[in-house]
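Presented below is the structure to which this report refers.
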Amino acid sequence: MPQSIVQSHQNDPAKRARLRWRARRGLLENDLILTRFLDAYEESLTDEDVDAFSRLMELSDNTLMDLLMAKKQPDAEVDFPHVRALLVRLQNI
């Protein structure tokens, strides 16, 4: 019986373009950090990284900025090990 093939982020140009589009934010500071991060690491992101990134993109600009600047710690909606790991990478951009 053939298995259905789930297309990963890296193999799907539409998913990659959508991720870049979602990274466009209202706050310039967020925009700069996220764009630099994607420019440097997009090609090596795992599906787990993309999930963490997508969860962060659901946050408001101010909440995201507080997390990126390490002014706050992730709360329940994004408090997962893979999100915390991605935040460390984003904070070091």
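Tabulated data for the structure shown
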{"read-out": "Acute angle (nearest 10 degrees) that the helix 81-91 long axis makes with the longest principal axis of the chain, alpha-carbon atoms", "value": "60"}
{"read-out": "Computed log₁₀ I(q)/I(0) - Debye formula, equal Cα scatterers, no solvent, the range 12-91, q 0.16, 0.23 Å⁻¹", "value": "-0.53, -1.16"}
{"read-out": "Dipole in debye (nearest 20) - the range 10-88, about Cα centre, beta carbon charges: Lys, Arg +1; Asp, Glu -1", "value": "240"}
{"read-out": "Those residues of the range 70-93 whose amide nitrogen sits under 14 Å from the label point placed on THR63, 7 Å along Cα→Cβ", "value": "72-80"}
{"read-out": "Normalised contact order of the chain, rounded percent, pairs of Cα under 8 Å and 6 or more residues apart", "value": "30"}
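A short reminder: the numbers here are calculations on the coordinates, not readings from a lab. Bear in mind that the values here come from a model prediction, so they are computed numbers and not experimental data. So basically every Cβ, Gly included, is an ideal-geometry build from the backbone, and we count neighbours across all protein chains shown.
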